[in-house]
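**Student:** Can you keep this structure in mind? I'll have questions shortly.
The values are calculated or read from the model by the stated rules, or taken from the named source; none is laboratory data. Keep in mind it's a predicted model, so treat the numbers as computed, not measured. Reconstructed Cβ throughout: ideal geometry from the backbone, glycine too, with neighbour counts over all protein chains shown.
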Amino acid sequence: MGAINTVGVVGLGTMGAGIVEVFAKQGLATIAVEIDQSALDRGRAIVTSSTQRAVDRGRMSEQDAKDLVDSISFTLEFSDLAAADLVIEAVPERMSIKKDLFSRLDAVCPPETIFATNTSSLSVTDIAATTSRPDRLIGMHFFNPAPVMKLVEVVRTVLTAQEVVSRISELARACGKSPVVVGDRAGFVVNTLLVSYLNDAVNVFDQSRVSREGIDTAMTVGALLPMGPLALCDLIGLDVCLEIMDVLFAQSRDQVHAPAPLMREMVSAGLLGRKSGRGFFTYEKPGSGRVIPDELTPADFEPVTLPRQVYLVGDGMQCEELVKLCAQAGVSSHVVSYDQFDPGQVPEGVPVLVSVKPVQRAIDIATQMGPRIDEVIGLHVLFPNQKGQLVEIAATPFSSDRLVRISQSIALGASASPVICDDDSGQVVGRLLSPYLNDAVRMVASGYVSADDVDTAMMLGCGYPRGPIAFLANFSTPDTICDVLEQISRKTQLSRHLPVSALTDAAIYGVGIDQLLTESS
Ligand SMILES: NC(=O)c1ccc[n+]([C@@H]2O[C@H](COP(=O)([O-])OP(=O)(O)OC[C@H]3O[C@@H](n4cnc5c(N)ncnc54)[C@H](O)[C@@H]3O)[C@@H](O)[C@H]2O)c1
């Protein structure tokens, strides 16, 4: 096979126009094909305005931008693609459209031309099987916006020739991208991990007391993610998320991938997120990212008078952090360990704060309090050494409103961000991160993707500060995650929430998960 010098791109919408820009910037002869003149003009306009933005930001000269657009051969002539060494399609996500397109390409292009699809959720194998060259068809999954996002998932099927995988990976690298080679499973790496997590967040929001602001604050402050999951659903579009979940569910038939009922209801109601002006949040107008207040916007918090002392039940580092938190808010704490807790010793009017752990919930202490059951609440501090501390307030079904407000005031008094949630294992951050981490370990342990590649994919595809395997290695211990997952699966009754064996092995043998996965791969 010769070098890739000429590239054809079919479909110049959101993705195709960006992909054209990527190849043209690399100096490749680029043929850009659309279905009719107005779509072709729109595609050219997208490339022109994108390069103009680069000029405005000082990243490209006016002349280079003009040369780049002039170098692209925009055409309605499908037969022009005969000159291409590689043709990639970015037409709408419908199997009938893609199959029809590739059969026409088969008739036009010489047998050695490589075909690529930018599909997000269709089976690349199904597409390949309908062509006369299944060994030369590959997935090249760019992320939006293609000129900016560094990740390309290179999707190989069981039919793809190794040489094609290598050449497409090389081409992606030459275009300044970081290719990650994955197998042809629904959702590939990024959409499977990301959208399953978003779907889970929607279910937690729907089924617990945590507010939409609480979920998003927990994951940005407590897990340092660039955006909260509900705001991200709104940005991606709930219809797009639903479509991906439908595909994942169709493949796995696992209840864990069943689209969140609330997501489906919102899509049916036309609440698609930013694009429709309303999703989990309400926006100034359709297409805007500016959130405006609505009936779910919390009222301004009115602080309550803080008690001088609290009774703190717990031990270890978490408990020490709570002592510090209370002190910062001007409240002194009397600390006793879980097993030495004696309800008779708690002075009248002194609230009981429990330092919660995966297997230690506030309700276990509250039920010992008899008629004073409402005076107990759980607290959990995250990232105590970072600037923005998160305090998860784990309210039992009996915790009084006053105690919830006291806990909020203590957190705010210590300049931390309080999030009220149920007294469940993992609270919000542990509840949402653990299944995501478990899924990532499952992918690596099954040989679908390497530990390094899953980390690269999540960092470059989602803008996460670190990948799941690096997170597990640096920020958590396998036994804690295993405990949280076991408690989650007890509640959800989903076996897929049970820790995968690589995690339980790491917990039992005291080995780092990164080490275990590297050694097994
Ligand atoms: N939008 C995203 O964020 C995103 C991200 C990654 C992958 N993808 C995938 O990329 C593909 C395209 O998505 P999009 O969002 O760019 O869609 P889009 O609707 O914005 O663009 C599709 C374009 O294809 C053109 N088209 C339709 N039929 C054609 C034909 N037979 N020949 C030539 N052009 C034709 C349309 O005129 C349109 O301009 C889909 O497979 C999608 O799953 C999308």
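**Student:** Among Ala3, Ala54, which is the only one that is away from the ligand (no atom under 15 Å from the Cβ), out of contact with any helix residue (DSSP H, G or I) (no Cβ under 6 Å at 6 or more places or on another chain) and part of a loop (DSSP other than H, G, I, E, B)? Step through it out loud before you land on a result.
**Tutor:** Values: Ala54 fails: part of a loop (DSSP other than H, G, I, E, B).
Being away from the ligand (no atom under 15 Å from the Cβ), out of contact with any helix residue (DSSP H, G or I) (no Cβ under 6 Å at 6 or more places or on another chain) and part of a loop (DSSP other than H, G, I, E, B) holds for just one of Ala3, Ala54, which is Ala3.
**Student:** Same structure again: Between Val124, Val91, which is modelled with pLDDT of 95 or more, under 27 Å from the mean Cα position of the chain (by Cα) and more than 20 Å from Leu171 (Cα to Cα)?
**Tutor:** On the way: Val124 fails: more than 20 Å from Leu171 (Cα to Cα).
Step by step, each of Val124, Val91 is checked, and only Val91 is modelled with pLDDT of 95 or more, under 27 Å from the mean Cα position of the chain (by Cα) and more than 20 Å from Leu171 (Cα to Cα).
**Student:** Taking the conditions exactly as written (in a helix (DSSP H, G or I), surrounded by 15 or more Cβ atoms within 10 Å (Cβ to Cβ) and either away from the ligand (no atom under 13 Å from the Cβ) or of a type in the set (Ser, Thr, Tyr) (or both)), does Ser38 satisfy them or not?
**Tutor:** Details: in a helix (DSSP H, G or I): yes; surrounded by 15 or more Cβ atoms within 10 Å (Cβ to Cβ): no; either away from the ligand (no atom under 13 Å from the Cβ) or of a type in the set (Ser, Thr, Tyr) (or both): yes.
Judged against the criteria, Ser38 is not a match.
**Student:** Next question. Six or more apart or on different chains, Cβ atoms under 7 Å: show the pairs whose first residue is in region 169-185 and within 19 Å of Ile4 (Cα to Cα) and whose second is in a loop (DSSP other than H, G, I, E, B) and not aromatic (Phe, Trp, Tyr).
**Tutor:** Pairs found: Leu171/Ile4; Ala174/Gln26; Cys175/Gln26; Lys177/Lys150; Ser178/Lys150.
**Student:** Out of the residues in region 207-235 that are touching a residue at least 40 places away in the same chain (Cβ under 8 Å) and among the β-branched types (Val, Ile, Thr), state the one that is nearest to Ser123 (Cα to Cα).
**Tutor:** Ile215
**Student:** Any idea which residue in region 280-334 is nearest to Asp239 (Cα to Cα), counting only those that are among the small types (Gly, Ala, Ser) and in a helix (DSSP H, G or I)? Spell out how you get there, then give the answer.
**Tutor:** Let us first name the residues in region 280-334 that are among the small types (Gly, Ala, Ser), namely 287-289, 299, 314, 316, 327, 329-330, 332-333.
Then drop every residue that is not in a helix (DSSP H, G or I), which leaves 316, 327.
Numbers: Gly316: 45, Ala327: 47 Å.
If we take residues in region 280-334 being among the small types (Gly, Ala, Ser) and in a helix (DSSP H, G or I), then Gly316 is nearest to Asp239 (Cα to Cα).
**Student:** To continue, here is another question. Residue check: is Gly461 assigned to a helix (DSSP H, G or I), in contact (Cβ under 8 Å) with a residue 40 or more places away in the chain and within 26 Å of Ser399 (Cα to Cα)? Step through it out loud before you land on a result.
**Tutor:** On the way: assigned to a helix (DSSP H, G or I): yes; in contact (Cβ under 8 Å) with a residue 40 or more places away in the chain: yes; within 26 Å of Ser399 (Cα to Cα): no.
Against the criterion (assigned to a helix (DSSP H, G or I), in contact (Cβ under 8 Å) with a residue 40 or more places away in the chain and within 26 Å of Ser399 (Cα to Cα)), Gly461 does not qualify.
**Student:** Now for a different question. Pro134: within 21 Å of Ile31 (Cα to Cα) and not small (Gly, Ala, Ser), yes or no?
**Tutor:** On the way: within 21 Å of Ile31 (Cα to Cα): no; not small (Gly, Ala, Ser): yes.
Criteria not met by Pro134.
**Student:** Looking for something of a type in the set (Asp, Glu), within 23 Å of Ala3 (Cβ to Cβ) and either in contact (Cβ under 8 Å) with a residue 12 or more places away in the chain or surrounded by fewer than 20 Cβ atoms within 10 Å (Cβ to Cβ) (or both) - is there at least one such residue anywhere in region 72-88? Talk me through it step by step, then tell me what you get.
**Tutor:** Of all residues in region 72-88, those of a type in the set (Asp, Glu) come to 77, 80, 85.
Still in the running and within 23 Å of Ala3 (Cβ to Cβ): 80, 85.
From the residues that got through so far, the ones that are either in contact (Cβ under 8 Å) with a residue 12 or more places away in the chain or surrounded by fewer than 20 Cβ atoms within 10 Å (Cβ to Cβ) (or both) too are 80, 85.
Yes; the residues of region 72-88 include at least one that is of a type in the set (Asp, Glu), within 23 Å of Ala3 (Cβ to Cβ) and either in contact (Cβ under 8 Å) with a residue 12 or more places away in the chain or surrounded by fewer than 20 Cβ atoms within 10 Å (Cβ to Cβ) (or both).
**Student:** Of the conditions (1) among the β-branched types (Val, Ile, Thr); (2) surrounded by fewer than 22 Cβ atoms within 10 Å (Cβ to Cβ); (3) within 15 Å of the ligand (Cβ to nearest atom), Ile19 fails just one. Which one is it?
**Tutor:** Unmet condition: (2).
**Student:** Now for a different question. Show the residue pairs meeting these rules: Cβ distance below 8 Å; 6+ apart or different chains; first residue within region 91-111 and touching a residue at least 24 places away in the same chain (Cβ under 8 Å) and polar (S, T, N, Q); second residue in a loop (DSSP other than H, G, I, E, B) and away from the ligand (no atom under 11 Å from the Cβ).
**Tutor:** Ser103/Thr130; Ser103/Thr131
**Student:** For region 91-203, list the helices (runs of 4 or more DSSP H) that sit wholly inside it and hold at least 2 residues that are within 12 Å of the ligand (Cβ to nearest atom); which are they? It would help to see each step written out before you state the result.
**Tutor:** On the way: elements: 95-108, 124-129, 162-174.
In region 91-203, 95-108, 124-129 are the helices (runs of 4 or more DSSP H) which contain 2 or more residues that are within 12 Å of the ligand (Cβ to nearest atom).
**Student:** I'm trying to understand the selection: among the residues of region 57-83, which are within 16 Å of the ligand (Cβ to nearest atom) and assigned to a helix (DSSP H, G or I)? Before you say what the answer is, go through the steps one by one.
**Tutor:** Within region 57-83, the first condition is being within 16 Å of the ligand (Cβ to nearest atom), and the residues that meet it are 72-82.
Phe78, Ser79, Asp80, Leu81, Ala82, listed by residue number.
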